[in-house]
Amino acid sequence: MSHSSESPGSGGAVAPAASTTPVAATSTGAWARFFDGDIWYSFRTSPVAIVAAVLAFICMFCAVFAPWVSPHNPFDLASLELSDARLPPAWEAEGRAKYLLGTDDQGRDILSALMYGARISLFVGFAAVLLSVVVGVSLGLLSGFVGGKIDAFIMRVCDVMLSFPSILVALLIDGVGRALFPDAHEALAFSVLIIAISLTGWVPYARTVRGSTLVERNKEYVQAARVIGVSPGRIMLKHVLPNVLGPVMVLATIQVGQAILTEATLSFLGVGVPPTSPSLGTLIRVGNDFLFSGEWWITIFPGLMLVLIALSVNLLGDWLRDAVNPRLR
């Protein structure tokens, strides 16, 4: 019995090779499209956005990796020395090289305290914005898609929340939480603070998503999904939601800075984070007691750190708003 083999040039049928597309190639193509897109071009041609991104990255990097990059552990009581209290920055006459930005009234290194304090402020700010986004987007999507009495009720709740200053609502909720749980654990205290900031923070997201949903629900792809029998919940989550998240991303970026400032304000007033985990607002409040006695660095440097974080995040939010809206270019 003879066996014949078909070669590529013999004219015989050759089984086609299986086509495989590596995941890495797909990922590379996605990155290539991003770097060729309008948003990246807008970023790399905007000096303000680049400087803001660099500042935000430095602040967030130092905050997240504070235990590894900070010169000292300012909250380790065993390492504190009261003899080093109120030392000026290193470039002053009485300053020491190991305390670059000086020390506070307890001998804690100001530079290290800034990193640890920014870590707490950023955590509270991002957590409050995340909770606001989840609640606001859910209610706004439901209000705009369902309409009727549900829409009217949710919008009236938004109007009521907008009639109260956000800082007063946060003060009320945080004060009530501390009164009900005076000896609460730190986790519960942080939760109350995040809820207090988010109580009015969800309103802009709900109103924004509702307006976008009212436009999207009357488009052809939504009508087609209804005709073929897709459930309303699936239409909202799979079809409408991805098309209304653009403004939410821009709004969330801007709201991060506002949430951080709100947390700092509450901590400055003494109703923010627990004293055992001081944030930038707590450091500013402590340093304010020594501002007029000559120890200006105790409150000035935490204040500058707070300004840098809020300013860089707000500038990035303004740039993102202009980048994703062609009418503003």
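The values are calculated or read from the model by the stated rules, or taken from the named source; none is laboratory data. It should be emphasised that the depicted structure is a prediction, and the values quoted were computed from it without experimental measurement. Backbone-built Cβ (ideal geometry, glycine too); neighbour counts: all protein chains shown. Each accessible area value is taken on the protein alone, full model and side chains, heavy atoms only, with ligands, DNA and RNA left out. Shrake-Rupley method; radii C 1.70, N 1.55, O 1.52, S 1.80 Å.
Structure values in brief
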item: Number of the exception - VAL160 against (1) within 28 Å of PRO275 (Cα to Cα); (2) exposed (fewer than 15 other Cβ atoms within 10 Å of the Cβ); (3) among the aliphatic types (A, V, I, L, M); result: (1)
item: Close pairs from the range 142-163: first touching a residue at least 60 places away in the same chain (Cβ under 8 Å), partner small (Gly, Ala, Ser), Cβ under 9 Å, at least 6 apart; result: SER143/ALA152; SER143/ALA206; GLY144/GLY211; GLY144/SER212
item: Among residues of the range 267-296, those that are surrounded by fewer than 24 Cβ atoms within 10 Å (Cβ to Cβ) and part of a helix (DSSP H, G or I), counted; result: 8
item: Residues (under 28 Å from LEU316 (Cα atoms) and either outside any helix (DSSP H, G or I) or open to solvent by less than 30 Å² (accessible area, probe 1.4 Å) (or both)) located in the range 234-261; result: VAL240, VAL244, VAL248, VAL250, ALA252, VAL256, GLY257, ALA259, ILE260
item: Matching entry among VAL135, VAL157, VAL169 (being part of a helix (DSSP H, G or I) and in contact with a Leu (Cβ under 6 Å, 6 or more places away or on another chain)); result: VAL169
item: Extreme residue, modelled with the highest pLDDT, among residues of the range 173-186 that are assigned to a helix (DSSP H, G or I) and farther than 17 Å from LEU122 by Cβ; result: ILE173
item: Residue list for the range 66-85, restricted to those being within 11 Å of GLN106 (Cα to Cα), among the hydrophobic types (A, V, I, L, M, F, W, C) and over 28 Å from the mean Cα position of the chain (by Cα); result: LEU77, LEU80, LEU82, ALA85
item: Selection from the range 297-314 of residues that are under 30 Å from SER42 (Cα atoms) and open to solvent by less than 60 Å² (accessible area, probe 1.4 Å); result: MET305, LEU306, ILE309, ALA310, SER312, VAL313, ASN314
item: Scan of the range 218-233 for residues that are assigned to a loop (DSSP other than H, G, I, E, B) and open to solvent by 70 Å² or more (accessible area, probe 1.4 Å), ordered by number; result: ASN218, LYS219, ILE228
item: Residue match in the range 196-206 (condition: out of contact with any strand residue (DSSP E or B) (no Cβ under 7 Å at 6 or more places or on another chain), part of a helix (DSSP H, G or I), open to solvent by 70 Å² or more (accessible area, probe 1.4 Å) and not aromatic (Phe, Trp, Tyr)); result: no
item: Residue in the range 248-267 that is without any contact (Cβ under 8 Å) to a residue 12 or more places away in the chain and hydrophobic (A, V, I, L, M, F, W, C) present; result: no
item: Top-ranked residue in the range 50-75 [being in a helix (DSSP H, G or I) and aromatic (Phe, Trp, Tyr); ranked as surrounded by the fewest Cβ atoms within 10 Å (Cβ to Cβ)]; result: TRP68
item: Out of SER198, SER231, SER191, SER212, sole residue that is at pLDDT 85 or above, more than 20 Å from PHE153 (Cα to Cα) and small (Gly, Ala, Ser); result: SER231
item: Options VAL124, VAL176: the member that is within 22 Å of ALA264 (Cβ to Cβ), surrounded by fewer than 19 Cβ atoms within 10 Å (Cβ to Cβ) and among the β-branched types (Val, Ile, Thr); result: VAL176
item: Those residues of the range 76-110 which are touching a residue at least 24 places away in the same chain (Cβ under 8 Å), open to solvent by 60 Å² or more (accessible area, probe 1.4 Å), part of a loop (DSSP other than H, G, I, E, B) and over 18 Å from THR299 (Cβ atoms), in sequence order; result: GLU81, LYS98
item: Among (1) open to solvent by 30 Å² or more (accessible area, probe 1.4 Å); (2) within 28 Å of GLY317 (Cβ to Cβ); (3) outside any loop (DSSP other than H, G, I, E, B), the one test that ILE150 misses; result: (2)
